Amino acid sequence: MTPATLYGICAAALVAIGLFGLILHPTPLRKVISFNLIGSGTFLLFGIAARRGAAAGFLGDPIPQAMVITGIVVAFAATALAVALLLRMLEAGAPTVDGSPDTPDDLSP
Amino acid sequence: MMQHATTPGGWLLVLALMLPVVGMLAIFALGQRRAERIAFATLAAGLATALAVAVAVGRSGRAVTYLIGGWQPPLGIALQADGLSAVLMVMTAVILCAVGVFARGSFSSPPDGAETRRPFVFWTLFLGLWSALNTVWLAQDLFSLFVALELLTFSAVPLVSLDGSRETLRAALRYLLFALAGSVFYLLGTGLIYGAYGTMDIATLHQVVRADWATSLALGLMIVGLMAKAALFPLHLWLPPAHAGAPAAASAVLSALVVKAPFVLILRLWFDVAAQPAPALAGAMLAGLGAASILFCSIMALRQARLKLMIAYSTVAQVGYLFLVFPLVMGSAALDPWASVGWTGGVLQLVSHAFAKAAMFLAAGLIAEALGHDRIADLGGAAKVLPVTVAAFALAGLSLMGLPPAGGFIAKLMLLTASVETANWWIAATILAGGILAATYVFRVVGSALAEPPERMVFAAIPRSRELAVLALALIALALGFLPLQPFDYLAIGRGGMP
Amino acid sequence: MSLAVDLVMVLLILTTAVWTILVRDRRDAVIAFIVLGLLLSLVWMRLMAVDVALTEAAVGGGATGLVLLRACARLLPVEAEGALPGLRLQLAVGALCALVAAGLSAVILAPVDPAPTLAPAVAAHMDEVGMKNPVTVVLLAYRALDTLLEKVVLVLGLIGVWALAPDLFWGGRPASLRAATPSGTLDFLARVLPPVGVVIGIYLVWNGADHPGGTFQGGTALAAMWLLIMMAGLGELPETRALRLRRLVAVGPALFIAVGFAGFWMAGGFLSYPPGLAKPIIVAVEVALALSIAVILALMVAGPAAKEPER
C-alpha cells in the first residue's frame with residue numbers, strides 16, 4: 001500500500017462524503033461546501049494519477065497537476081458566484097411587511 | 001499512437017474560438033458605449049468563420065483539424081471540425097445572429113452613453129456563450145471540454161437572473177448548483193480515464209480504450225453529470241424556471257443551444273471514446289429516460305398557465321427525443337452507422353428544434369412585451385397586433401409537432417423509420433405520442449392568440465424588424481423540412497476516420 | 001513508518017470532512033472547510049506536487065474560505081439550519097454514497113501497471129520551451145489553451161458577480177470590507193505585511209518559470225495583500241466602472257491572446273513560441289496574467305457594487 005493508494009482511498013471517501021452533503025443539505029451554502037468537498041476528492045484522484053505517473057526524472061506527471069491547478073481556480077470562481085447569487089437572493093427577499101424575515105437561504109420552490 | 005495533423009483551414013477553428021472572446025474583452029475594457037457595435041462586428045465575423053469552416057469540411061470531405069501550439073496530442077490539445085461540428089457551428093452562428101438582431105431592442109445602450117448593467121452584462125455574456133459553444137463543438141480533449149462546460153455555465157447562469165427578481169435569482173442558483181454537480185461528476189470521470197489511459201485526447205482514447213468495468217464506471221459518471229446538465233428526466237427540475245425566468249433573448253439561446261452542448265458531449269463519449277459496440281442496455285436506458293422526458297414533460301407543458309414556462313417544459317420534452325438516438329444508431333443494420341437514418345434524424349431533430357425553439361421564445365418575448373403579461377389563457381388579441389410573430393410561433397410549432405413541411409417532421413419521420421427498422425416499437429410509439437401532445441400545447445396557445453381581445457386592451461408597439469428576426473428563425477426551421485428523406489452524407493464526414 | 005503518518009493524515013482529513021458536513025452551525029462548517037484545505041495542502045506536498053499545494057493553500061483553502069466566511073457573516077443565524085432530513089433518507093443516501101466510494105476505491109486499488117503517464121513526453125520537449133518547472137511549461141505551453149480559457153472563465157465569473165448589483169448601484173464601489181470594530185492588530189498587520197506579501201507574490205510569479213510557483217499562486221498573494229489593506233480600512237475599493245480597473249482585469253487575457261495570434265507569424269501557429277524566445281515571452285505573459293488574476297480574485301471576494309457611483 002503506497003501513500004498514493006492510501007490517499008486515493010481517502011479521495012474516494014471525500015467524494016462520497018461530499019455527495020452525501022450535496023444531496024441532503026437543503027440550504028445552498030452547505031451544498032456549495034459539499035460541492036467543494038467532492039471537488040477536492042476529485043482533484044486528489046488526479047493527484048494519485050500524477051504520483052503514480054512519476055517518470056522521466058519528475059516526481060509526478062505534470063499534466064494532471066496542471067489540470068488540478070486549473071480546477072481549483074474554477075472551483076473558487078464557482079463558489080464566489082454561487083455565494084454572490086445567494087446573498088443577493090436574500091437581499092431581494094427583504095423582511096416582509098409583517099416584520100418577519102423570509103426563510104434565509106432556502107431553495108424550496 | 002494516433003497522429004493528428006493540422007489541415008489547411010485549421011486556423012479558422014482558432015478564430016471561431018477566439019473572436020467572441022476578443023469581442024467580450026473589448027466590451028469589458030472599453031466601456032459599454034460600443035457594446036452593440038462590437039457585438040455585431042463579432043457576429044458578422046463569426047458567422048463568416050463558421051460558414052468558411054463548413055465549406056472547408058464539405059470540400060475536402062475530411063475533418064478540419066488544428067493542433068494548438070503545434071504540440072501533438074495527447075501532450076497538446078487538438079481542435080477538430082467534422083461534419084457534425086460544422087453543422088453545429090453554422091447553426092450556432094445563425095441563431096445567435098438572429099437573437100442579436102432581436103436583442104438590440106431589449107438591450108440597447110442609453111443615448112447618453114452611460115454604462116448600464118443589463119446591456120453590459122447581456123452582450124458580454126452573449127459573446128462568452130458563443131465562445132463556449134464553439135469550444136464544445138470543436139475541442140478534442142476531455143479536460144478542455146470540462147473548461148468549456150464551465151465557460152458555458154458561467155455565461156448562462158447570470159443571464160437567467162438578469163432582471164434581479166427573487167424568483168429568477170432562486171432559479172439561477174438552482175441552475176448553478178445542478179450545473180456544478182454535473183461538472184464535478186464529469187471531471188471525476190475524466191480523472192479516472194486519465195488514470196487508466198494516460199491521455200485526455202479523444203482520438204487517442206478511441207484507439208486504446210478497453211471495455212473494462214473501470215472505464216464503464218468513468219464513462220458512466222461523466223454521462224450522469226452531462227445528463228444533469230442536459231436536463232434529462234429526472235434531473236430536469238432546474239430547467240423550466242431557469243429558462244422561463246431569463247429575458248426572452250437569453251431564453252432562446254439557452255433552450256436552443258446551451259442545453260444541446262452536454263448532449264453533444266454524450267454523443268462524443270458514446271461513439272468516439274467508449275469501446276464499440278457500446279452496451280445495448282445502457283443505450284436502452286438512456287432512450288427510456290428520453291421517452292420519460294418526452295411524455296412527462298409534454299404533459300407538464302400542457303398544464304402550464306404561463307407561456308414561457310410552457311415553452312421551457314417543451315424544451316425538456318424535445319431534448320428527450322435526442323436521447324432516443326442511442327439504440328437507433330447502434331442497432332442499425334447499415335454497414336456504416338454514420339450513414340444511418342437514425343443518426344441523420346437525431347442531428348436534424350437537434351438542429352430544427354434549435355431554430356424552432358429560438359423562434360418560439362423570441363415570439364413569446366414579443367407577445368409578453370406587447371400584452372404586458374404571458375398568461376396563456378388571456379392572449380386574446382395577440383394575433384391582431386403581432387400577426388407576423390404569432391405566425392412564426394405557429395410555424396415553429398409545426399416543427400415541434402412533427403408536421404410537414406417542417407424540419408421537425410423530417411427528423412421525427414427519420415427517427416420513426418429507424419425505430420421500425422431496428423424493431424424498437426416502443427420508441428416509435430413514444431415519438432407518435434409526443435407529436436400529439438406537442439400539437440395539443442401548441443394549438444392551445446395559437447387558439448388563445450387568435451381569440452378576440454378584451455375591450456380597451458392597451459398594446460405596446462413592437463418594431464417590425466424584431467418580428468422579422470423571429471420569422472426568419474421559424475422559416476429556417478421550415479426550410480429544413482425540404483431536405484431529402486435520406487441519410488445526409490455531410491454528417492458522416494470525419495466519422496469514417498473512426499475505425 | 002511514514003505510512004503511519006499518512007494514515008494519521010487520512011484519518012484527520014476524513015474526520016474534518018465528516019465534521020464539515022454534519023455540524024449544525026454553518027460558521028463551524030466553513031472553518032472546518034478551511035482547516036480541510038490546509039490539511040489537503042499538506043497531502044499535496046506528500047504527493048510531491050508543490051505547485052498544487054501552493055494553489056490549494058492560497059486559492060482552495062484561503063480565497064474560497066474567505067468568500068464563505070463573508071457569506072456566513074451576512075446570513076442570519078437560524079435554528080437547526082444545518083439539520084439534515086430524516087434518518088431513513090440519510091441511511092438511503094449514505095448507502096448510495098458508500099457504493100460510489102466503493103466503486104472509486106476499487107478502481108484505485110487495481111491500478112494499471114505500468115502506470116500510464118505523459119511525463120516522458122513532457123520532458124522530451126521542455127528544452128524547446130526553456131523553462132525548468134514542468135507544471136508551468138504544461139500550463140503555458142503544451143496546454144496553453146486550457147489556461148487561456150480558464151482566464152476567460154474568471155472574467156465571466158467577475159461579470160456574473162457584478163451583474164448582481166442593483167441597477168442603481170451599477171458602476172459603483174463594492175461594499176466596504178472594513179471590519180466593523182477597529183482592531184489594532186489588523187491595522188498593524190495591514191501596514192507591515194503588504195510589502196512582504198507583494199514581494200512574495202512577485203517572487204512566486206517570477207520564479208515560477210523554473211521552480212514551484214506561478215501566476216495563480218503569486219496572483220493570490222497579491223490579491224490577499226490588497227484585501228488586507230482594505231479590510232483594515234487603509235484603502236478603498238475602486239469603482240467597478242473605473243476604466244483603469246477594467247483594463248487591469250483585461251490585460252492578462254488580452255496579452256495572452258495577442259501572443260497567441262502573434263504565434264501565427266513568429267512560429268507558425270496559434271500559441272506557438274519561437275525557439276529561444278519562448279521563456280521571455282511566457283514570463284511577460286505570466287506577469288500580465290498575475291496582475292489580472294490578483295485584481296479578479298480580490299474583486300470576486302469583494303462582491304458586486306453596493307453604492308451609487310459618484311457623479
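The values are calculated or read from the model by the stated rules, or taken from the named source; none is laboratory data. Nothing here was measured: the structure is a model prediction, and the numbers come from that model. Neighbour counts are summed over all protein chains in view; Cβ atoms, including those assigned to glycine, are modelled from backbone coordinates with ideal geometry. Surface accessibility is based on the protein's heavy atoms, side chains included, excluding ligands, DNA and RNA. Shrake-Rupley method; radii C 1.70, N 1.55, O 1.52, S 1.80 Å.
In this view, the solvent-accessible surface of B:Trp71, computed with a 1.4 Å probe and all protein chains in place, comes to about 30 Å². Projecting the Cα atoms of C:Ala57, C:Ala71, C:Val30 onto the charge dipole of chain C, computed from C-beta unit charges around the Cα centre, puts C:Ala71 farthest toward the positive end.
Over the range C:121-311, average the accessible area per residue using a 1.4 Å probe and give it in Å², no decimals. For the range C:121-311, the solvent-accessible area averages 38 Å² per residue. Remark: accessible area buried at the C-B interface is about 4500 Å², both chains counted, probe radius 1.4 Å.
A straight Cα-to-Cα reach below 25 Å connects B:Lys412 with the lysines B:Lys229, B:Lys260, B:Lys308, B:Lys357, residues fewer than 8 places away in its own chain not being considered. Here C:Asp210 and B:Glu421 are evaluated by their C-beta separation; at R0 = 56 Å the FRET efficiency comes out at 0.35. The simple spin-label model puts a point 7 Å past each Cα toward its Cβ; for B:Ala48 and B:Leu237 those points are separated by 4.9 nm.
Given a Förster distance of 30 angstrom, what is the FRET efficiency for C:Val192 paired with C:Arg27, based on the Cβ-Cβ distance and rounded to 0.05? Could you put the intermediate results ahead of the total?
Working: r = 28 Å, r/R0 = 0.94.
Result of the calculation: an efficiency of 0.60.
Once the chain from C:Thr181 to C:Leu109 is taken as fully extended at 0.36 nm per residue, the excess over their C-alpha distance is 20.7 nm. In the complete set of protein chains, residue-level accessible area for C:Tyr203 is approximately 130 Å², probe 1.4 angstrom.
Excluding same-chain neighbours fewer than eight residues apart, the aspartates and glutamates reachable from C:Lys279 by a Cα-Cα span under 17 Å are C:Asp127, C:Glu128, C:Asp210. Projecting the Cα atoms of C:Trp19, B:Ala439, C:Gly263 onto the dipole axis of the protein assembly as shown, where Lys and Arg carry +1 and Asp and Glu carry -1 at the beta carbon, places B:Ala439 farthest toward the positive end.
Quantify how strongly other chains surround peptide B:155-162 by giving the mean number of their Cβ atoms within 10 Å of each of its Cβ atoms.
5
The Cβ shell under 11 Å around C:Pro309 holds other residues with a net charge of 0, Lys and Arg each +1, Asp and Glu each -1. Atom-type composition of the exposed protein surface of the protein assembly as shown places 69 percent of the accessible area on carbon and sulfur (1.4 angstrom probe).
Can you give the extra length, in nm with one decimal, that the chain gains between B:Ala280 and B:Ala377 once fully stretched, where that is 0.36 nm per residue apart less the Cα-Cα distance?
That pair, B:Ala280 and B:Ala377, stretches by 30.5 nm at full extension.
Accessible area per residue for the range B:1-140 is 29 Å², calculated with a 1.4 Å probe on protein heavy atoms, without ligands, DNA or RNA. At q = 0.10, 0.11, 0.12, 0.17 Å⁻¹, what log₁₀ I(q)/I(0) does the range B:115-218 have when each alpha carbon counts as one equal point scatterer in the Debye sum? For the range B:115-218 at q = 0.10, 0.11, 0.12, 0.17 Å⁻¹, log10 I(q)/I(0) is -0.38, -0.45, -0.52, -0.83.
Can you work out D for the protein assembly as shown in µm² s⁻¹ from Stokes-Einstein, where Rh is the Kirkwood radius over C-alpha pairs, the temperature is 37 °C and the viscosity is 0.692 mPa s?
118
Each Lys and Arg contributes +1 and each Asp and Glu -1, all at the Cβ; summed about the Cα centre of chain B, the dipole is approximately 680 debye. When each of the peptides C:95-105, A:68-78, B:437-447 is scored by how many other beta carbons lie within 10 Å of its residues on average, the order from highest to lowest is A:68-78, B:437-447, C:95-105.
The aspartates and glutamates within cross-link reach of C:Lys307, meaning a Cα-to-Cα straight distance under 17 Å and a gap of 8 or more places when in the same chain, are A:Glu91, B:Glu115, C:Asp167, C:Glu236, C:Glu239. Averaged over the residues of peptide C:10-21, the number of Cβ atoms from other protein chains lying within 10 Å of each residue's Cβ is 5. In a solvent-free Debye calculation with one equal scatterer on each Cα, what is log10 I(q)/I(0) for the range B:141-276 at q = 0.09, 0.16, 0.18, 0.20 Å⁻¹, listed in the order of the q values? Taking Cα atoms of the range B:141-276 as identical point scatterers yields -0.28, -0.76, -0.90, -1.05. Each Lys and Arg Cβ is given +1 and each Asp and Glu Cβ -1; about its Cα centre, the protein assembly as shown then shows a dipole of about 980 debye.
Taking the Cα centre of chain C as origin and charging only Cβ (+1 Lys, Arg; -1 Asp, Glu), how large is the dipole, in debye to the nearest 20? Could the numbers behind the result be given before it?
On the way: 20 positive and 20 negative charges, 135 e Å.
Result for chain C is approximately 640 debye, rounded to the nearest 20.
Among residues other than C:Ala119 with Cβ under 13 Å from its Cβ, the summed charge is +1 (Lys and Arg +1, Asp and Glu -1).
Residues whose amide H lies under 5 Å from that of C:Ser176, counting only those 5 or more places away or on a different chain, are absent; hydrogens are built 1.01 Å from N in the peptide plane. Other residues with beta-carbon under 11 Å from the beta-carbon of C:Leu245 carry, at +1 per Lys or Arg and -1 per Asp or Glu, a net charge of +4. Please compute how much accessible surface disappears when C pairs with A, both sides summed, using a 1.4 Å probe, and round it to the nearest 100 Å². Chain pair C/A: roughly 7000 Å² of buried accessible area. Just name one of B:Ala492, C:Ala102, C:Leu89: the one whose Cα is farthest towards the positive end of the charge dipole of the protein assembly as shown (beta-carbon charges, Lys/Arg +1, Asp/Glu -1). Going by the Cα projections, it comes out as B:Ala492. Taken over chain B, the convex hull of the Cα atoms encloses 128 Å³ per residue. For the pair C:Leu96 and C:Leu243 in one chain, pulling the backbone fully straight at 0.36 nm per residue adds 47.8 nm over the alpha carbon distance.
In this simple spin-label model, placing a label point 7 Å from the Cα along the Cα-to-Cβ direction at both B:Arg59 and C:Thr15 gives a separation of 6.9 nm.
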